[in-house]
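Peer 1: First the structure, then my questions, so here it is.
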Amino acid sequence: MAHTVSITVNGTAYERTVEPRLLLAHFLRDTLGLTGTNIGCDTSQCGACTVMMDGAAVKSCTVLALQADGSSVTTIEGLASDGKLHPVQDAFWEKHGLQCGFCTPGMIITVVDLLNNNPHPTDEEIRHGLEGNLCRCTGYHNIVEAVKHAANAMPAAEAMPEETREHAHA
Ligand code: FES
Ligand code: FES
């Protein structure tokens with residue numbers, strides 16, 4: 001039986017009728033047309049589908065749209081503001097933290113979450129924090145460099161998109 005859900009995505013409230021088994025990843029991509037969130041596996045391992053939900057990074061292929069009812073979600077499309085890249089996006093650009101780019105949206109969301117919780121992580125903490133995000137291209141070195149660059153470039157409060165901040169501290 002279909003249900004109606006209300007989910008705020010990148011600051012816009014959406015009300016949609018969904019099937020009970022619809023995954024949040026498919027809701028974002030197919031229902032809302034936000035295709036920046038990628039789907040790279042069917043085993044919950046690659047992290048390409050990572051989005052921010054109520055201030056915490058989640059793999060959107062492991063969450064039902066129904067479970068996201070009432071929540072606030074930020075996808076890669078919602079990170080930039082006023083035409084300016086988010087500092088983490090900027091750092092990936094500066095430090096060549098991507099090649100094909102398939103893992104990048106999920107990777108960047110995970111990094112935003114990581115820096116929210118640990119504004120100045122060590123190399124080891126960065127690698128540990130990114131364990132759930134697989135990249136087949138970069139060998140991770142430049143990603144770690146990008147995270148450190150982002151950490152130096154931004155005050156901690158900037159890490160989190162505004163609309164998710166209050167939820168994270170609720
Ligand atoms: S698509 Fe979600 S973890 Fe791979
Ligand atoms: S840049 Fe290609 S998978 Fe990471």
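Peer 1: What are the residues in region 1-40 that are free of Cβ contacts under 8 Å to residues at least 40 places away in the same chain and within 16 Å of ligand 1 (Cβ to nearest atom), if any?
Peer 2: Correct list: ALA25, HIS26, ARG29, ASP30, THR35, ILE39.
Peer 1: Counting only residues that are touching a His at 6+ places or on another chain (Cβ under 9 Å), of a type in the set (Lys, Arg) and either within 28 Å of ASP42 (Cβ to Cβ) or within 11 Å of ligand 2 (Cβ to nearest atom) (or both), how many does region 96-148 have?
Peer 2: The total comes to 0.
Peer 1: Collect the residues in region 44-66 that are over 12 Å from ALA25 (Cβ atoms) and away from ligand 2 (no atom under 16 Å from the Cβ), keeping them in residue-number order.
Peer 2: Initially, region 44-66 is screened for residues over 12 Å from ALA25 (Cβ atoms), giving 45, 52, 54-57, 66.
Residues satisfying the conditions are MET52, ASP54, GLY55, ALA56, ALA57, LEU66.
Peer 1: Any residue at all in region 16-26 that's at positive phi and either modelled with pLDDT of 95 or more or assigned by TED's automatic domain parsing to the domain that holds TYR140 (or both)? Step through it out loud before you land on a result.
Peer 2: Residues of region 16-26 that are at positive phi, as a first pass: none.
There is no residue in region 16-26 that is at positive phi and either modelled with pLDDT of 95 or more or assigned by TED's automatic domain parsing to the domain that holds TYR140 (or both).
Peer 1: Also: Just one of ASP113, ASP30, ASP42, ASP90 is modelled with pLDDT under 95 and either among the acidic types (Asp, Glu) or assigned to a helix (DSSP H, G or I) (or both); which is it?
Peer 2: On the way: ASP113 fails: modelled with pLDDT under 95; ASP30 fails: modelled with pLDDT under 95; ASP90 fails: modelled with pLDDT under 95.
Matching residue, one of ASP113, ASP30, ASP42, ASP90: ASP42.
Peer 1: Within region 45-58, how many residues are assigned to a loop (DSSP other than H, G, I, E, B) and more than 7 Å from ligand 1 (Cβ to nearest atom)?
Peer 2: Start the filter on region 45-58 by keeping residues that are assigned to a loop (DSSP other than H, G, I, E, B), which leaves 45-49, 54-55.
If we keep only those that are more than 7 Å from ligand 1 (Cβ to nearest atom) too, we end up with 54-55.
So the count comes out to 2.
The values are calculated or read from the model by the stated rules, or taken from the named source; none is laboratory data. None of these values were measured; they are calculated from a predicted model. Cβ: placed from backbone, ideal geometry, glycine included. Neighbour counts: every protein chain shown.
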